[in-house]
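The values are calculated or read from the model by the stated rules, or taken from the named source; none is laboratory data. Treat the numbers as computed from the prediction; the structure is a model and nothing was measured. Please note: Cβ atoms are built from the backbone with ideal geometry, for glycine as well, and neighbour counts cover all protein chains shown.
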Amino acid sequence: MLSNGSLHAARAPEGPSDASLQPFAGDSAMGHASRGPQAFGTVFGEYVPGTPVARLDARVKIVLLLLATAGVFSAGVPAMLVVWLLILCGCLASSRMRLGRVLRGIRPVAVILAFTLVANLVSCDGRGTVELVGAIGLSPAGGLRGLMAITRILLLVGFSLVVASSTTATQLSDACVRLLSPLARFGVSVGPLGTVLAVALRFIPLVSEELNRIRLAQRARGAQFDAGPLFSRIGVWASVFTPLMIGLFRRADRLAEAMSARCYDSVAAGKLPAPRRLAPYDRLVLALGAALVLVLTILGLCW
């Protein structure tokens, strides 16, 4: 799907000299994407090539991420979550991720984490162990339950950042198509699905950069996003999202023209990538990782 070179305009380029972005050369935000395969990683975590995790096949990382998700949710005691935290620290070290990047990745869910902890810690039905005012009290058991829920969310975000920081958009979409390719025998449109995934991953960093550029431009014109009443703030943000949507439609038209110029049609979209075997290093990591996750999942369920 992506290896046949028919969707160069919608994929992350393999190098800064890739000429496939020439149809978009007039677009400043699209021009930023020619920096290389780091475009996807800069959104979810800085892409760091050459690390042990980056050398892994993307299929192995996706499978291990799914297995780790099941293992994290099967951990029913704090001790098992501590073990998963140690594993996450090892993965972060292997991918050479900086702590600042991890904290910035967790920042969008900080409000949800705080609300989860407070909702489980504070009891309003009079069943709280520590009474505060009237029926309002604190429940240490609920607080521990909320803390474990927060830890699970942090673990999932951390493992996802490890995958994002060591995998380009092209590798990720190609791996998803390869993993889903057996479903094509049952009539599932895996090829077009991979095309949609490739386009979506390709445009995530572009939309983010465009949003920041328009917001900075509006701020330079005197727009205040964090001051004034609620309706005033909505109006200010409307001045950002309106040109953003117009720009997205413009990019969609250019992408359609580029794909049409490359004779990209439904037949090309339905093509699947050629089969590719895993390297011995990938097989070893997959076997060891799956065995470790299986052991931890069984211990989490039986503890």
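Some observations on this one:
- Applying the set (1) touching a helix residue (DSSP H, G or I) at 6+ places or on another chain (Cβ under 7 Å); (2) assigned to a helix (DSSP H, G or I) to Thr167 leaves exactly one unmet item: (2).
Yes/no matrix, rows are residues, columns are (1) at pLDDT below 50; (2) surrounded by fewer than 21 Cβ atoms within 10 Å (Cβ to Cβ); (3) touching a Cys at 6+ places or on another chain (Cβ under 8 Å):
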| residue | (1), (2), (3) |
| --- | --- |
| Ala12 | yes, no, no |
| Thr42 | yes, yes, no |
| Gly71 | no, no, no |
| Gly90 | no, yes, no |
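- Cross-chain or 6+ apart pairs with Cβ under 9 Å, region 111-140 first and farther than 22 Å from Leu154 by Cβ, then of a type in the set (Phe, Trp, Tyr) and part of a strand (DSSP E or B): none
- When Leu117 is tested against (1) under 24 Å from Ala70 (Cα atoms); (2) modelled with pLDDT under 85; (3) part of a helix (DSSP H, G or I); (4) within 26 Å of the chain's Cα centre (by Cα), exactly one condition is not met: (2).
- One residue alone among Ser173, Ser160 is at pLDDT 85 or above and of a type in the set (Ser, Thr, Tyr), and that residue is Ser160.
- Residue check, Thr195 among the hydroxyl-bearing types (Ser, Thr, Tyr), over 29 Å from Val102 (Cβ atoms), crowded, with 21+ Cβ neighbours inside 10 Å and within 19 Å of the chain's Cα centre (by Cα): yes
- All helices (runs of 4 or more DSSP H) inside region 183-284 with 1 or more residues being among the β-branched types (Val, Ile, Thr), free of Cβ contacts under 8 Å to residues at least 24 places away in the same chain and closer than 24 Å to Val63 by Cα: 190-220
For (1) at pLDDT 80 or above; (2) at negative phi; (3) of a type in the set (A, V, I, L, M), each residue gets a yes or a no:
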residue	(1), (2), (3)
Cys263	no, no, no
Ala268	no, yes, yes
Leu272	no, yes, yes
Pro275	no, yes, no
Pro280	yes, yes, no
Ala290	yes, yes, yes
Val293	yes, yes, yes
Thr297	yes, yes, no
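- One residue from Leu144, Leu183, Leu179 being over 17 Å from the mean Cα position of the chain (by Cα), within 30 Å of Leu85 (Cβ to Cβ) and exposed (fewer than 15 other Cβ atoms within 10 Å of the Cβ): Leu144
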